[in-house]
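**Student:** Before anything else, here's the structure in question.
The values are calculated or read from the model by the stated rules, or taken from the named source; none is laboratory data. Quantities reported herein were computed from a predicted structural model and do not represent experimental measurements. For neighbour counting, all protein chains shown are included, and Cβ atoms are generated from backbone atoms with ideal geometry for every residue, glycine included. Side chains included, ligands, DNA and RNA excluded: accessible areas come from the protein's heavy atoms. Shrake-Rupley method; radii C 1.70, N 1.55, O 1.52, S 1.80 Å.
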Amino acid sequence: MTQAVSIPIQDHDLLTGMRSFLTAIMEKSGIDAILVPARLSVKNRIMPMLISDPACLTEADPLSPAFPVNAAQQLTRLTRQPAGGRLAAVLRPCEVRAFNELVKLNQGRREDVLIISLDCPGALSNSDFRTFADGYDSLDAASRAFAATAFSSAPAGDLPEVTSACRACDHPVCDGGDIGIERFGDDQATDPVARAHTESGQAALTGLDFPPPQAPAEGRKAAIQSILAVRRRYRDGMFAEVAEATNTIPALSTYLADCVNCYNCRGACPVCYCTTCVFSTDTFRHEPFQYVQWARRKGEIKMPTDTLFFHLTRMAHMSCACVGCGQCTNACPNDIPLSDLFTYVARHTQGAFDYRAGLDINARPPMNGFEEEEYPEIVGL
Amino acid sequence: MEPFEPAIIAFVCNWCTYTAADLAGTSRLAYPKNIRLIRVMCTGMVDPQYVIKAFLEGADGVLISGCHPGDCHYINGNYKARRRVKLLKEILPRFGIDDRRLRLTWIGASDGIEFSHIMGELVEQTRELGPMLPDLKMVI
């Protein structure tokens, strides 16, 4: 069984190298269809595409900083039942984590899909990506420009900054999938390594005619340590700011003051998986007298109502599964930094149960079990 | 000045704590009127959103009370409640809702005296914490 191969890169053209790698995986490892970020034929935009014709992989773009949706949600659509063919998916580490959480909640299956993950330098918000991509003649040029400096220690030049969620992410490493493509410590002199992390990853690599890895990437560990240090510093500062800004109910109301109850954050959240959310049911279509009664009691109420109630409930329902992908912020039409708030809460709820969402496929979600004797401090006056 | 009278919402399970409340009543034991009992079939069905709703609507305290460990009519609902309370105690205090405003107790069906005693103590403790959202006008 092959543990790792090197992906040959010519003329520093990583994008073409990645496409050849994906083509080889499709053709030689018996993959019928692959879910991969790819260029839309109608416009210079990236979306997850399900590609069954290897010829279409010339449009695949796993290096783009675009992150329009968390593809874990889409992957559950493909894997909740056997799809009648072997699938692969190219995912960011946070998408792998979200998919793992969904698998634990019986929304998808890992068995039927070969997950290929790449070390992640972070992604742009949708609006930043549009501006960035429109500054180049082609999407390929934009992706190459981003990929060229994304992992280098040199200043990023005029590249736009990745999202707050990405800057605070402390698990950008590609070890969660079946195959991980390593780019941290990328010195562009050695070719990137594709390493198997599971048996199915090994089997897939075994069929390829790729050379073994060149010298072990020495800079990788140090590069990861140094980027994690930067990110943790950013995250701690960000958490401190959020804590300060939301430490009372009125302060939290202020933080969420621009919310219009569109629930886009919920729709974009990969781990908010209920087909019908209680906030979309008739339970929240209150009787007219109820609104009037609230208004009478408080003097005035904001319409639409239940904004704070919605966000607090979402924290209770999904924060233990939050993988910090930042799609809630990305989806907010009114620019509320939701992922800052939700990752802050998630940090503490997951910490309380000694759980890290999505990292260990075998760890049980906290709200999914119990011990007979635990948390004695919770009980009693 | 009148002493502050807290409003406390108590989610009590049908099989143990509600029965204990019933027993307290039939035994003519008094407990403060500040407690508003909501009978649920099991503490395991108390979704965190019930608690959040109670606080946002102005409850000064929330109690969830069910069967002692091992006594749950549905085998393990009370253990699930314990995890959810642990979760809420991690979330709510970050937004200024004092940890002591949310309580979980086990009160068995025969504990009528204990029920009335605990309710009295709970009201006293909550009274000391003061009103939950004294001047919050706009919400929910």
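**Student:** Can you tell me which residue among B:Leu87, B:Leu122, B:Leu102, B:Leu133 is within 25 Å of A:Ala251 (Cβ to Cβ), within 10 Å of chain A (Cβ to nearest Cβ) and under 15 Å from the mean Cα position of the chain (by Cα)?
**Tutor:** None of the others qualify; the one that does is B:Leu102.
**Student:** Separate question: Just wondering, is there one or more residues in segment B:28-48 that are among the small types (Gly, Ala, Ser), at pLDDT 95 or above and farther than 19 Å from B:Asp111 by Cβ?
**Tutor:** Yes, the conditions are met somewhere in segment B:28-48.
**Student:** May I pose another question? Scan segment B:12-29 and give yes if some residue there is surrounded by fewer than 19 Cβ atoms within 10 Å (Cβ to Cβ), more than 14 Å from every other protein chain (Cβ to nearest Cβ) and within 15 Å of the chain's Cα centre (by Cα), otherwise no.
**Tutor:** The answer is yes; a qualifying residue exists.
**Student:** Within segment B:1-83, which strands (runs of 3 or more DSSP E) (wholly inside it) include 1 or more residues that are of a type in the set (Gly, Ala, Ser)?
**Tutor:** The qualifying strands (runs of 3 or more DSSP E) are B:8-13, B:61-66.
**Student:** Return the residue satisfying two criteria in turn: it lies in segment B:66-84 and is closer than 30 Å to A:Pro250 by Cβ and open to solvent by less than 40 Å² (accessible area, probe 1.4 Å), and of such residues it is nearest to the other protein chains (Cβ to nearest Cβ).
**Tutor:** Among those residues, the one meeting the criterion is B:Arg83.
**Student:** Here's something else I'd like to know. Answer with yes or no whether B:Gly58 is closer than 21 Å to B:Thr19 by Cα, more than 7 Å from every other protein chain (Cβ to nearest Cβ) and in contact (Cβ under 8 Å) with a residue 24 or more places away in the chain.
**Tutor:** Taking the combined requirement at face value, the residue does not satisfy it.
**Student:** Mind listing just one residue for me: the one in segment B:105-115 that is open to solvent by 10 Å² or more (accessible area, probe 1.4 Å) and assigned to a helix (DSSP H, G or I) and, of those, nearest to the other protein chains (Cβ to nearest Cβ)?
**Tutor:** B:Glu114
**Student:** Moving to a separate point now. Scanning for something within 14 Å of another protein chain (Cβ to nearest Cβ) and among the hydrophobic types (A, V, I, L, M, F, W, C), does segment A:210-228 turn up at least one residue?
**Tutor:** No, that holds for no residue.
**Student:** Next question, about the same structure. Report, by residue number, each residue of segment A:278-304 that is closer than 22 Å to A:Thr254 by Cα, open to solvent by less than 70 Å² (accessible area, probe 1.4 Å) and of a type in the set (A, V, I, L, M, F, W, C).
**Tutor:** If the condition is that a residue be closer than 22 Å to A:Thr254 by Cα, open to solvent by less than 70 Å² (accessible area, probe 1.4 Å) and of a type in the set (A, V, I, L, M, F, W, C), then A:Phe279, A:Trp294, A:Ala295, A:Ile301 are the ones that fit.
**Student:** Go through A:Thr305, A:Thr276 for me and flag whichever is more than 29 Å from the chain's Cα centre (by Cα) and among the polar types (S, T, N, Q).
**Tutor:** A:Thr305
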